[in-house]
Amino acid sequence: MGNEADALDATQEALISIARGIGSFDGRAAFSTWAYRVATNACLDELRRRRRRPVVGRAADVASVIEEPSPERDLERLPERAAIDVALEQVSPEFRAPVVLRDLCDLDYAEIASLLDLPPGTVRSRIARGRAQLAVLLQVRNQPTDPGRQTPRTDTEARP
């Protein structure tokens, strides 16, 4: 979700949805699969709501994650993890969800396909595309800045 407040909101919505919808659970899939689906939908809904409101304090959110106490090994990896979280926020939501479910939640492709109601081939494709977007974002972030290097023109800039 990118920050604790949005994650807590999505968690609360997911738990409310699970409580309200427990009667509709039909047992065709494992309860955990159904619960993951409900939580995924709550996260995607929260991401849609986030786009409609201004983003404030993102740098502070990342800084607070970096400053949290943790074991020494985790502390060394924290800046890298923070960079990944920031880059994940920029990955398209349709690709982000499958990547997070696969790489962070360690679900297999069939479980992800079931959760997202997608064919397994689409899941594989979205994971590949999401990982590619993530790699580009992380590579751009890690490139040294060269004052003599011209930055590429964006589509919004005037053309000569």
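Every number here is computed from the coordinates shown, using simple stated rules; none is lab data. Predicted, not measured: the structure shown is a model, and the values here were computed from it. Quick reminder, even Gly has a Cβ in these numbers, built from the backbone with ideal geometry, and neighbours come from all protein chains shown.
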Please state, as a whole number in µm²/s, the translational diffusion coefficient that the Stokes-Einstein equation yields for segment 80-127 at 10 °C and 1.306 mPa s, with Rh defined as the Kirkwood radius across alpha carbon pairs.
146 µm²/s
With +1 on the Cβ of every Lys and Arg and -1 on the Cβ of every Asp and Glu, the dipole magnitude of segment 1-54 about its Cα centre, in debye rounded to the nearest 20, is 260 debye
How long are the semi-axes of the equivalent ellipsoid of segment 1-54, taking √(5λ) for every eigenvalue λ of the Cα gyration tensor, in whole Å from largest down?
24, 10, 9
Segment 1-54: relative contact order from alpha carbon pairs under 8 Å, six or more residues apart, as a whole percent, is 51 percent
